[in-house]
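Report on the following structure.
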Amino acid sequence: MAFDQMTPRPSPARDGGSSEKRDPRAGTWDILRAVRDTRRSLGLRAAHIQTLQALLSFLRPGQGNVVFASNAELSRRAGNIDERTLRRHITRLQEAGLLERQDSPNGKRYRVTSSQGMALSFGLSLEPFFAASERLRRLAEDLEIEKREIRYLRKRVLVSLANIEAAAEGPTEVTTSLRRELRRSLSTAEYHQILAELPCPEVSETPCVEETSLANSAKMPVNDGQNDRHYQRSEKERLESDHAKTLKVPEVIETCKEAMAFATSPIRTWDDLQRHAYDLAPMLGIDQQTYIQAAKTKGIQAATVTVLYLIQIAHRVRNLPAYFQSVTLGNRAASFDVARAIRRLAAV
C-alpha cells in the first residue's frame, strides 16, 4: 500500500534560505553515535549502522528527512553491498523504529511540490530516527552506566581472586572455576552473586574524589574564550607550525577512531579520508557550501582532518557547525592548526 505524506514546504522566494539555519539535523552525529552504542539493544549489527549512515549522508539541510536515492546508489554508498542485503538492512532499520517507508504507487522515490509550497514525498523517511533522539540518548547513557558498573565489579572480583591465590600460594579449585566463568559476558547481578560467594573479605573501597571532579569537568562544554586562549599563538609560531599535509593517513586513522567507526569501506588513502569526511560533514550540521568553502580556504586535507577531529571531540563542543566555521573560515582560522590539534589529541 502506498503511503502518501503531504507536508508544507516554503518556497525559496518566501523562505530566503533560512530553513538551512533552522535545520533540526545539527545533532545527527550525537543520535547516530547513540544508535551505534546501543545497537545490540536495538537488535542491530555494525553493517546496519553503516547502511543507516549511508542513508543519512543523502540528506541535505532544508530539504526534509526523506531519502530519494535509488537502491543502486544507496548500495554503492553503503560499501557496495548487494541490493538484497540493502533491502534486508532497510527492513531491519524499520523494525528497529529508525526508518519509515513512504512508497509511491509505482515504487519510485521522488518529491513533487505544488505552487502553494506543499510537497508529496515518497521514499525512505528518517523522521523516526530524529524523533527517537532523546530515547536513544537515554538508552545510551543507561548502557554506559551499566558498562562502567560491570567493569568496576569485574575488577573487584579479579582483585579478590588474586588475594585468595596469594594466600593459598597458587590457584585453587574455586579461583580456577571462577576465572573460567569470567570469560563469559556477565551481568551486574551475576557479578554481585560471585562477590557474595567469595570465600574471603571483599576489597576495601573508598570514594574517588579526584575521579568525580575530573568526570564533572570533562562534561563541561568548551567555550569560545577557553578555545581562543588555548589556540592563540604568535604569527611566527603559526608559520612554523605543522600543516595538515604533514599528517600521515595512519596517524589520522589512529587518532580519529570515533569517525573511523562509521567508515563504510576500508580507509587507506587520503582520497578515502576525504570521501569519508565529506559524507560525515552533513551529520555534524556542516552544510555543503561551508565545507567546500573551507576546503578552498584552508585546503582539502585541512578541511578533511578538521571534520574527523571534531567528531573525536564532539562531546566537548557545544556547537559543532559553528566551531567548524570558526576554525576554517572565521576569526580563529589563522591560528588553528589541525595537525597540531591531532597530535595533541594523540598524545593524551
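Listed values, structure above:
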{"quantity": "Burial order of peptide ranges 302-311, 79-88, 287-296 (average beta-carbon count within 10 Å, highest first)", "calculated": "302-311, 287-296, 79-88"}
{"quantity": "Cα-only Debye scattering, the stretch 132-185: base-10 log of I(q)/I(0) at q = 0.13 Å⁻¹", "calculated": "-0.47"}
{"quantity": "Farthest toward positive dipole pole in the stretch 24-80 [+1 Lys/Arg, -1 Asp/Glu at C-beta], among Gly43, Leu55, Ala72", "calculated": "Gly43"}
{"quantity": "Rounded to the nearest 10 Å², the accessible area of Tyr110 at probe 1.4 Å", "calculated": "80 Å²"}
{"quantity": "Separation of the Val249 and Arg76 label points, Cα + 7 Å toward Cβ, nm", "calculated": "2.1 nm"}
{"quantity": "Ranking by accessible area, most exposed first, for Glu146, Glu173 with a 1.4 Å probe", "calculated": "Glu173, Glu146"}
{"quantity": "Cα-based radius of gyration of the stretch 47-173 once divided by 2.2 N^0.38 Å, which approximates compact folds", "calculated": "1.71"}
{"quantity": "The stretch 289-348: Rg to Rh, with Rh as the Kirkwood radius over Cα pairs", "calculated": "0.94"}
{"quantity": "Neighbour cut-off at most 13 other Cβ (10 Å), DSSP loop, trypsin sites (Lys or Arg not before Pro), the stretch 90-156", "calculated": "Lys108"}
{"quantity": "Theoretical FRET efficiency, 1/(1+(r/R0)^6), r = Cβ-Cβ of Gln63 and Ala261, R0 22 Å, to 0.05", "calculated": "0.25"}
{"quantity": "By average C-beta atoms within 10 angstrom, highest first, the peptides 247-255, 31-39", "calculated": "31-39, 247-255"}
{"quantity": "Area of Ser265 that stays accessible when all protein chains are in place (1.4 Å probe, Å², to 10)", "calculated": "60 Å²"}
{"quantity": "Å² of accessible area per residue within the stretch 281-348, as computed with a 1.4 Å probe and no ligands counted", "calculated": "40 Å²"}
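The values are calculated or read from the model by the stated rules, or taken from the named source; none is laboratory data. Just so it is clear, the structure is predicted and the values come from calculations on it, not from any experiment. In this analysis, Cβ positions are derived from the backbone assuming ideal geometry, glycine residues included, and neighbour counts consider all displayed protein chains. For the accessible areas, the whole protein counts, side chains as well, though only heavy atoms, and no ligand, DNA or RNA atoms are used. Shrake-Rupley method; radii C 1.70, N 1.55, O 1.52, S 1.80 Å.
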